[in-house]
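What follows is a set of notes on a single structure, which appears directly below.
Only the coordinates and a few stated rules stand behind these numbers; no lab work does. Predicted model only: the values in this text are computed from it and were never measured. Positions of Cβ are backbone-derived with ideal geometry, glycine not excepted, and every protein chain shown enters the neighbour counts.
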Amino acid sequence: MARILAITNQKGGVGKTTTGVNLAASLAAVKQRVLLVDLDPQGNATMGSGIDKRSLKATVYHVLLGEATLAQVRVRATNGDKAGEYDVVPANRELAGAEVEMVDMEHRETRLKDAIAAHAGEYDFVLIDCPPALNLLTVNGLTAAHAVMIPMQCEYYALEGLSDLVQTVKKVRAHLNPGLEIEGLLRTMFDPRNTLAQQVSQQLLDHFGDKVYRTVIPRNIRLAEAPSHGLPVMHFDRTSKGAQAYIALAGEMLNRNNPVAAAL
Ligand code: ATP
Ligand code: MG
């Protein structure tokens, strides 16, 4: 059965989508069956996976509204390297209307969960790229997930934003998804020469201990360039520090989810 992770942080531009796309490709490269769900009307995970968001007839929007099944909208992200392929449930700006249109619907918080449940046996990992907001879309992501992965930049206000997110996770846990865990905090766009970043990083380790991934994602220009080519960075420049970091993160995640393998 798939391990379902919501990649979330209500703060914008912290590396959620970059993490979703590159982790999907890195896990796929080591033979994991991966589904990446784009839950953001910006459609960045869709475009970053090489899928033109403007040409889509059906997207996650239609799945949430019950107008299409997940099987009808998913698209294969191909990149010339069979080993790194993964499936994408795409999104585009149409999704922005979903929140309003779902208000009066029954089970509006569990629509994504129900859609994924029908296909959970087909994947090892489902990664959900959430929008930068604590809205109904994000609640759908959190309700569908076993755990949340929180990418964050090590900045002054990062910890404050984190407490809002932890409160939301607690609310979802209390009302909608009792099993929801925090899978891990991921330090993104890290610059080791920045003293403040080092201090915030240390605070994170002090507060959250093992919940902080040991892998740190450095600030790396190749990570920012890859989406304009519609490719995960490992298929764009495999030797870059960014590609290596996400490959390492995939390894750390697999070890965490399979402690026996890690011990061998
Ligand atoms: P949003 O909240 O808008 O969805 P996000 O949290 O998904 O944003 P990204 O889109 O992944 O964040 O990243 C924001 C910008 O920073 C993008 O232009 C991306 O290419 C760039 N970026 C992300 N991670 C890195 C990194 N490690 N090094 C350099 N640039 C990065
Ligand atoms: Mg994003």
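Across the range 197-204, rounded Karplus estimates of 3J(HN,Hα) from the backbone phi angles (6.51 cos²θ - 1.76 cosθ + 1.60, θ = phi - 60°) give 4, 5, 5, 5, 4, 5, 4, 4 Hz, Gly and Pro being marked x. Residues in the range 170-177 carry Karplus couplings, in order, of 5, 5, 4, 4, 5, 10, 10, 8 Hz; the curve used is 6.51 cos²θ - 1.76 cosθ + 1.60 with θ = phi - 60°, and Gly or Pro positions show x.
Scan the range 199-262 for chymotrypsin sites (Phe, Trp or Tyr not before Pro) in coil per DSSP, keeping those whose Cβ has at most 14 other Cβ atoms within 10 Å, and list them by number.
The qualifying sites: there are none.
Within the range 159-224, report the trypsin sites (Lys or Arg not before Pro) that DSSP leaves as loop and that have at most 10 other Cβ atoms within 10 Å. Here the trypsin sites (Lys or Arg not before Pro) that fit, given the DSSP loop and packing criteria, are 193.
Estimated from helical segments only, the mean residue ellipticity of the chain at 222 nm is -12000 deg cm²/dmol, where each DSSP H run of four or more residues counts as -39500 (n - 2.57). Which of rounded, prolate or oblate describes the range 3-257 when judged by the alpha-carbon gyration tensor and an a/c cut-off of 1.5? It is oblate, given that a/c is not under 1.5 and a/b is not larger than b/c.
Taking amide H atoms as placed 1.01 Å from N in the peptide plane, the amide H of residue 153 lies under 5 Å from those of 188, each 5 or more residues away in sequence or on another chain. Distance between the pseudo-spin-label points of residue 194 and residue 241 (7 Å out from Cα toward the beta carbon): 1.3 nm. Label positions at residue 67 and residue 221, each projected 7 Å from the Cα along the C-beta direction, are separated by 4.3 nm. Antiparallel beta bridges, as assigned by DSSP with both residues in the chain, represent about 10 percent of the total such bridges. Out of the chymotrypsin sites (Phe, Trp or Tyr not before Pro) in the range 47-156, which ones are loop residues according to DSSP with at most 11 other C-beta atoms within 10 Å? Listed in order of number, the matching sites are 156.
Less than 5 angstrom separates the built amide H of residue 3 from those of 125, 126, all sequence-distant by 5 or more or on a different chain.
Taking a point 7 Å from the Cα of residue 106 along the Cα-to-Cβ direction, the residues of the range 38-72 with backbone N closer than 15 Å to it are 66. Please tell me which of these pairs span more than 20 angstrom C-alpha to C-alpha: 11/31; 113/171; 31/241; 16/82? Check vs 20 Å cut-off fails for 11/31; 31/241; 16/82.
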